[in-house]
Amino acid sequence: MSMGEVSGASFTLGSAFRPGTIGDAAVARMVAVLDEQDGAPSIERLRAWALAAGDVRRGELCVDVGSGTGTMTRRLAGLAGPDGRAIGIEPNGMLREVARVRAAEVGSAAEFCQGLATEIPLPDGSADVLWCERVLQHVPDAGAAVAEFARVLRPGGRALLLDSDHESRVESDVDPAVSRAMTTAFMGQLANPTAARHIPRQAIEAGLHVDPDVGSSALVLPQEVLRDSHLSRLSAEQAVADGLITAEQAEAALAALAEAARHGWAFWAVTVFGFVCRKD
Ligand SMILES: C[S@@+](CC[C@H](N)C(=O)[O-])C[C@H]1O[C@@H](n2cnc3c(N)ncnc32)[C@H](O)[C@@H]1O
């Protein structure tokens, strides 16, 4: 392994969604988290709103920054049609490979290439649409990333930026102090845990106009996910590692959430906001 790479055996919240996190087990856990979230109807509502507000059209060049398993790259490829293009920019080679395989399986024309939010391998003014969903929370210099988005957009281009603000997280059935500790531990591992609230300023400083209508939808995890949520387990493990709660408190919290989910009344949510940013 080269520096910065993490194997599956040592996978923690801190290594989740990092460009250098590799290994079958680590990638399987990241894909599981993304698939859990992809299946949430509330995320679908925000995605549909952003695609409509951004008016993604046939023939356009669409870029999906931090494309993960490529769900939205495939969707953008469908909207851009045979005369357009959709390119997923993804720094993690193993996630890029998952995205390539999934696109091939459904005959999608989505393309994937290596890059970073702060280093997009496209010329100035080349993209019509730039989609970036739940990525800026992982980027240490999100302001530089948004400036890079403005660089690659053509005049008239739209950046559709969807991101979370983890201070909005709510969780039922877990002791409130333990729940807060799990959220604190989770946020401590993210480069930019309150990503969403900074986007308007970053976009305006990059010379973009931000639509006044901001979309929002809570990522509400379904009961079947909460019976054994990867995200909650990682947060609990991190809170124990940080010395904020004991292993017993962590197990009790996960058990309480799982029990509530078996009854169908578990509730876990975090708000994701959607910004439509336009270049003159
Ligand atoms: C939570 S996932 C979201 C994936 C996808 N956008 C979605 O909504 O399903 C975060 C993604 O950002 C990628 N990522 C992390 N750091 C990045 C960076 N500096 N530049 C671009 N992508 C990055 C991760 O590899 C991962 O694919």
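The values are calculated or read from the model by the stated rules, or taken from the named source; none is laboratory data. Every value quoted in this text rests on a predicted model; they were computed, and no experiment measured them. Every residue, glycine as well, gets a Cβ built from its backbone with ideal geometry; the counts of neighbours run over all protein chains shown. Heads up: the accessible areas ignore ligands, DNA and RNA and are worked out on the full protein's heavy atoms, side chains in. Shrake-Rupley method; radii C 1.70, N 1.55, O 1.52, S 1.80 Å.
Do we have any residue at all in segment 99-111 that's open to solvent by 30 Å² or more (accessible area, probe 1.4 Å) and closer than 27 Å to residue 270 by Cα?
No - not one qualifying residue is present in segment 99-111.
Looking at segment 116-123, is at least one residue farther than 23 Å from residue 25 by Cα and away from the ligand (no atom under 15 Å from the Cβ)?
Looking through segment 116-123, at least one residue is farther than 23 Å from residue 25 by Cα and away from the ligand (no atom under 15 Å from the Cβ).
Given the criteria free of Cβ contacts under 8 Å to residues at least 60 places away in the same chain and either assigned to a loop (DSSP other than H, G, I, E, B) or touching a Phe, Trp or Tyr at 6+ places or on another chain (Cβ under 6 Å) (or both), does residue 173 qualify?
It is false that residue 173 is free of Cβ contacts under 8 Å to residues at least 60 places away in the same chain and either assigned to a loop (DSSP other than H, G, I, E, B) or touching a Phe, Trp or Tyr at 6+ places or on another chain (Cβ under 6 Å) (or both).
Suppose we filter segment 205-226 for residues that are within 22 Å of the chain's Cα centre (by Cα) and free of Cβ contacts under 8 Å to residues at least 60 places away in the same chain; how many remain?
Residues flagged as within 22 Å of the chain's Cα centre (by Cα) and free of Cβ contacts under 8 Å to residues at least 60 places away in the same chain within segment 205-226 amount to 3.
Can you name every residue in segment 21-31 that is more than 12 Å from the ligand (Cβ to nearest atom) and either within 13 Å of the chain's Cα centre (by Cα) or β-branched (Val, Ile, Thr) (or both)?
Once the filter is applied, which keeps residues that are more than 12 Å from the ligand (Cβ to nearest atom) and either within 13 Å of the chain's Cα centre (by Cα) or β-branched (Val, Ile, Thr) (or both), segment 21-31 yields nothing.
Would you please name the residue that is farthest from the chain's Cα centre (by Cα), looking only at residues in segment 145-173 that are closer than 19 Å to residue 280 by Cα and open to solvent by 40 Å² or more (accessible area, probe 1.4 Å)?
Taking the candidates together, the pick is 155.
Testing residue 205 on (1) among the acidic types (Asp, Glu); (2) more than 14 Å from the ligand (Cβ to nearest atom); (3) under 29 Å from residue 268 (Cα atoms); (4) surrounded by fewer than 19 Cβ atoms within 10 Å (Cβ to Cβ), one condition comes back false. Which one is that?
For residue 205, the failing item is (3).
Restricting attention to segment 35-54, does a residue exist that is in contact with a Lys or Arg (Cβ under 7 Å, 6 or more places away or on another chain) and either more than 11 Å from the ligand (Cβ to nearest atom) or open to solvent by 60 Å² or more (accessible area, probe 1.4 Å) (or both)?
Yes - at least one qualifying residue is present in segment 35-54.
For segment 190-280, which helices (runs of 4 or more DSSP H) that fit wholly inside it have 2 or more residues that are in contact with a Leu (Cβ under 6 Å, 6 or more places away or on another chain)?
Ranges flagged: 195-205, 230-241, 247-263.
Please tell me if residue 278 is open to solvent by 50 Å² or more (accessible area, probe 1.4 Å), within 29 Å of residue 148 (Cβ to Cβ) and in contact (Cβ under 8 Å) with a residue 12 or more places away in the chain.
Answer is yes for this residue.
Picking from 88, 66, 84, 93, which residue would you name as being out of contact with any Pro (no Cβ under 7 Å at 6 or more places or on another chain) and away from the ligand (no atom under 15 Å from the Cβ)?
84
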